[in-house]
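Worksheet: the structure to be examined is printed underneath.
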Amino acid sequence: MAELSTLARPYAKAAFDYANENGVINEWETFFNNAKQVVENDNFKELLSNPAIFAKQKVNTLVELLNSSTDVEVSPQLNNFVTQLADNERLALIPQIDTHFKDLKAKALKQIDAYVTTAYPLTDKQRTEIQTKLAASMNATIILHEEVDSSLIAGATIKVGDKVVDDSVRGKLKQLKTQLTA
């Protein structure tokens, strides 16, 4: 899968750069999200792998499906982008392009995802405090993703990128056990 991600990265960057320069980021993001669902469909995967079907036919099928099933009209620029993908036999990369496009958008808007797991649901005050402190320390807008895990006993774990802060009772007990057995 890393290979698909590597192949998708330059397409996502080109798409994001164009969308950003032309103020159509949300339109393109919506397109990729919808197109991803179509491309991941087993029937469409079969169509993509069929060498008897020309690239233009694959593009037309994708665009027709999107235009008929969503409220978003595929713009000529998006159609050109998809045609380039099809000509290079890269339509199957749309799910990975979607992921990279969203990452580029988040970076451009200085948005960071923070995953907070707590023993009990957060109060509005706690939620605001966590977001404020993380935003100040990272100089970015924080998008908080919350999960409740009663096995933590009390406290919370916070994961931002590859950094994890474990301030849960379960984590402290594990740490104490490690120290006692060392």
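Being touching a Leu at 6+ places or on another chain (Cβ under 7 Å) and in a strand (DSSP E or B) is the filter here, so list the residues in region 164-179 that pass it.
Matches in region 164-179: 168 only.
Considering only region 136-143, I want to know if a residue exists there that is touching a residue at least 12 places away in the same chain (Cβ under 8 Å) and part of a helix (DSSP H, G or I). Show your work before the answer.
Taking region 136-143 first, the residues touching a residue at least 12 places away in the same chain (Cβ under 8 Å) are 138-143.
When the remaining residues are screened for being part of a helix (DSSP H, G or I), the result is 138.
Scanning region 136-143, I find at least one residue that is touching a residue at least 12 places away in the same chain (Cβ under 8 Å) and part of a helix (DSSP H, G or I), so the answer is yes.
Enumerate the pairs (first residue in region 167-182 and assigned by TED's automatic domain parsing to the domain that holds residue 119; second residue anywhere and exposed (fewer than 13 other Cβ atoms within 10 Å of the Cβ) and at pLDDT 85 or above) with beta-carbon separation below 8 Å, excluding pairs fewer than 6 apart on the same chain, so at least 6 apart or on different chains.
170/151
Residue-wise test of (1) at pLDDT 90 or above; (2) over 21 Å from the mean Cα position of the chain (by Cα); (3) more than 30 Å from residue 109 (Cβ to Cβ).
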{"position": "4", "(1), (2), (3)": "no, no, no"}
{"position": "15", "(1), (2), (3)": "yes, no, no"}
{"position": "26", "(1), (2), (3)": "no, no, no"}
{"position": "53", "(1), (2), (3)": "no, yes, yes"}
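Tally time: how many residues in region 1-27 are assigned to a helix (DSSP H, G or I), over 9 Å from residue 96 (Cα atoms) and either in contact with a Ser or Thr (Cβ under 9 Å, 6 or more places away or on another chain) or charged (D, E, K, R) (or both)?
Count: 5.
Could you tell me which numbered condition residue 118 fails, if it satisfies all but one of (1) at pLDDT 90 or above; (2) under 30 Å from residue 57 (Cα atoms)?
Failing condition for residue 118: (2).
Only one of these conditions is not met by residue 64: (1) touching a Lys or Arg at 6+ places or on another chain (Cβ under 7 Å); (2) of a type in the set (D, E, K, R); (3) over 30 Å from residue 133 (Cβ atoms). Which number is it?
Against the list (1) touching a Lys or Arg at 6+ places or on another chain (Cβ under 7 Å); (2) of a type in the set (D, E, K, R); (3) over 30 Å from residue 133 (Cβ atoms), residue 64 comes up short only on (1).
Which residue out of 156, 108, 92, 86 is small (Gly, Ala, Ser) and in contact with a strand residue (DSSP E or B) (Cβ under 9 Å, 6 or more places away or on another chain)?
Working: 108 fails: in contact with a strand residue (DSSP E or B) (Cβ under 9 Å, 6 or more places away or on another chain); 92 fails: in contact with a strand residue (DSSP E or B) (Cβ under 9 Å, 6 or more places away or on another chain); 86 fails: in contact with a strand residue (DSSP E or B) (Cβ under 9 Å, 6 or more places away or on another chain).
Selected residue: 156, the only one of 156, 108, 92, 86 that is small (Gly, Ala, Ser) and in contact with a strand residue (DSSP E or B) (Cβ under 9 Å, 6 or more places away or on another chain).
Conditions tested, residue by residue: (1) under 20 Å from the mean Cα position of the chain (by Cα); (2) among the acidic types (Asp, Glu); (3) not in a helix (DSSP H, G or I).
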| residue | (1), (2), (3) |
| --- | --- |
| 38 | yes, no, no |
| 45 | no, no, no |
| 64 | no, yes, no |
| 67 | no, no, no |
| 83 | no, no, no |
| 100 | yes, no, no |
| 115 | yes, no, yes |
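Among (1) of a type in the set (Gly, Ala, Ser); (2) assigned to a helix (DSSP H, G or I); (3) not assigned by TED's automatic domain parsing to the domain that holds residue 170, which single condition is residue 151 missing?
Evaluating residue 151 over (1) of a type in the set (Gly, Ala, Ser); (2) assigned to a helix (DSSP H, G or I); (3) not assigned by TED's automatic domain parsing to the domain that holds residue 170 leaves (3) as the failure.
The values are calculated or read from the model by the stated rules, or taken from the named source; none is laboratory data. Keep in mind that what you see is a predicted model, and the values were worked out from it rather than measured. Counting neighbours? That spans all protein chains shown, and the Cβs are built from the backbone with ideal geometry, glycine included.
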